[in-house]
Amino acid sequence: MASPLILLPPSEGKAPGGDGPAWEKAEQSFDELLKPRRQVLAALRKAMKENEAARTKLLGVKGQRVAEATAANLVAHKAATLPAIERYTGVLYDALDYSSLPAGLRKRVDKQVVIFSGLWGAVRPGDLIPDYKLKMGAKLSGFGPPARFWRPLLTEALAGPAAGCVWDLLPNEHSAAWDASVARSRIRVRFVDDVEKDGE
């Protein structure tokens, strides 16, 4: 029986720094997403040159965090990288505690997990990525929400990996970035916040 594909969202929080090469110099999953990733990154860097009010609205943060996110986004094309599983922090990733897992389990995570991202589309845990800030539902000027841009691309990219069972842990914002009908079977974990929003 094939192992299930597990879809995870990224995290708002991200570990800073890194010691890996710039993302384009590193081996990446989903080669077909290379050009689209460049397009989104170019649009994001362009948006970082807009006024502070526009950047605050786009990034969804305030105060000093706007400046920090702006600085990270402006150099994301050449910044040092970390594996995605180390870059993303927060409740879900802290609970997973990847570094403490036995080697065999880490290999299974690397193989079975795909992380959705507003900037990268989808990455595997071992893919090297820089620090950045871009929500899947953000509205990039002249570009639109990343979820809408990524939807046909991720649907095609995941058609093969999702041919078996899919454990979908994506919140609504990220779930909009692919067509789940390509999955043969899908088990979706609903988040309380999503349920509350749907009931409004």
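The values are calculated or read from the model by the stated rules, or taken from the named source; none is laboratory data. Note that the structure is predicted; figures quoted are calculated from it, not measured. Neighbour counts are summed over all protein chains in view; Cβ atoms, including those assigned to glycine, are modelled from backbone coordinates with ideal geometry.
Kindly list, by first and then second residue, each pair from a residue in the range 30-48 that is of a type in the set (Lys, Arg) to a residue that is at pLDDT 95 or above and part of a helix (DSSP H, G or I), limited to pairs with Cβ atoms under 7 Å and residues at least 6 apart or on different chains.
Arg45/Asn73; Arg45/Leu74
Considering only the range 9-37, state which residues are touching a helix residue (DSSP H, G or I) at 6+ places or on another chain (Cβ under 7 Å) and not polar (S, T, N, Q).
Once the filter is applied, which keeps residues that are touching a helix residue (DSSP H, G or I) at 6+ places or on another chain (Cβ under 7 Å) and not polar (S, T, N, Q), the range 9-37 yields Pro9, Lys14, Ala15, Phe30, Glu32, Leu33, Pro36.
Working carefully through the options Val182, Val109, Val114, find the one that is aliphatic (A, V, I, L, M), at pLDDT 95 or above and touching a Ser or Thr at 6+ places or on another chain (Cβ under 9 Å).
Only one candidate qualifies: Val114.
From the list Thr81, Thr70, which one is farther than 25 Å from Gly144 by Cα, at pLDDT 95 or above and among the polar types (S, T, N, Q)? Show your work before the answer.
On the way: Thr70 fails: farther than 25 Å from Gly144 by Cα.
Within the list Thr81, Thr70, the selection yields Thr81.
Can you tell me which residues in the range 22-58 are in a loop (DSSP other than H, G, I, E, B) and either under 19 Å from the mean Cα position of the chain (by Cα) or surrounded by 13 or more Cβ atoms within 10 Å (Cβ to Cβ) (or both)? Before the answer, list the steps.
Pass one, the range 22-58, residues in a loop (DSSP other than H, G, I, E, B): 22, 26-30, 48-51.
Once the filter is applied, which keeps residues that are in a loop (DSSP other than H, G, I, E, B) and either under 19 Å from the mean Cα position of the chain (by Cα) or surrounded by 13 or more Cβ atoms within 10 Å (Cβ to Cβ) (or both), the range 22-58 yields Ala22, Ala26, Glu27, Gln28, Ser29, Phe30, Met48, Glu50.
When Pro4 is evaluated against the numbered criteria (1) under 16 Å from the mean Cα position of the chain (by Cα); (2) more than 25 Å from Lys139 (Cα to Cα); (3) at pLDDT below 95, which criterion, by number, is the only one it fails?
Failed condition: (1).
On the given criteria, is Leu101 of a type in the set (A, V, I, L, M), within 26 Å of Pro171 (Cα to Cα), at pLDDT 95 or above and loosely packed, with under 14 Cβ neighbours inside 10 Å? So that I can check it myself, show each step before the final result.
Values: of a type in the set (A, V, I, L, M): yes; within 26 Å of Pro171 (Cα to Cα): yes; at pLDDT 95 or above: yes; loosely packed, with under 14 Cβ neighbours inside 10 Å: yes.
Judged against the criteria, Leu101 is a match.
If you go through the range 90-123, how many residues are of a type in the set (Gly, Ala, Ser) and under 15 Å from the mean Cα position of the chain (by Cα)?
Pass one, the range 90-123, residues of a type in the set (Gly, Ala, Ser): 90, 95, 99-100, 103-104, 117-118, 121-122.
If we keep only those that are under 15 Å from the mean Cα position of the chain (by Cα) too, we end up with 90, 117-118, 121-122.
Final tally of qualifying residues: 5.
Go through (1) closer than 28 Å to Gln112 by Cβ; (2) without any contact (Cβ under 8 Å) to a residue 12 or more places away in the chain and name the single condition Ala26 misses.
(2)
Filter the range 78-98 for residues that are buried (at least 16 other Cβ atoms within 10 Å of the Cβ) and part of a loop (DSSP other than H, G, I, E, B) and give the result. Write out each step before concluding.
As a first pass, look at the range 78-98 and keep what is buried (at least 16 other Cβ atoms within 10 Å of the Cβ): 79-88, 93, 96, 98.
Scanning the range 78-98 gives Ala79, Ala80.
So how many residues does the range 61-77 have that are surrounded by fewer than 19 Cβ atoms within 10 Å (Cβ to Cβ), in contact with a helix residue (DSSP H, G or I) (Cβ under 7 Å, 6 or more places away or on another chain) and in contact (Cβ under 8 Å) with a residue 24 or more places away in the chain?
3
Go through the residues of the range 108-126 one by one and say whether even a single one is touching a residue at least 60 places away in the same chain (Cβ under 8 Å), in a helix (DSSP H, G or I), among the acidic types (Asp, Glu) and more than 26 Å from Ala69 (Cα to Cα).
Checked against the condition, which is being touching a residue at least 60 places away in the same chain (Cβ under 8 Å), in a helix (DSSP H, G or I), among the acidic types (Asp, Glu) and more than 26 Å from Ala69 (Cα to Cα), the range 108-126 yields no hits at all.
Give the residues of the range 1-21 that are closer than 30 Å to Ala163 by Cβ and in a loop (DSSP other than H, G, I, E, B), sorted by residue number.
Taking the range 1-21 as the starting set, the residues that turn out to be closer than 30 Å to Ala163 by Cβ are 1-11.
Result: Met1, Ala2, Ser3, Pro4, Pro9, Pro10, Ser11.
Failed condition for Leu119, given (1) farther than 15 Å from Leu58 by Cα; (2) touching a Phe, Trp or Tyr at 6+ places or on another chain (Cβ under 8 Å), with all others met?
Among (1) farther than 15 Å from Leu58 by Cα; (2) touching a Phe, Trp or Tyr at 6+ places or on another chain (Cβ under 8 Å), the lone unmet condition for Leu119 is (1).
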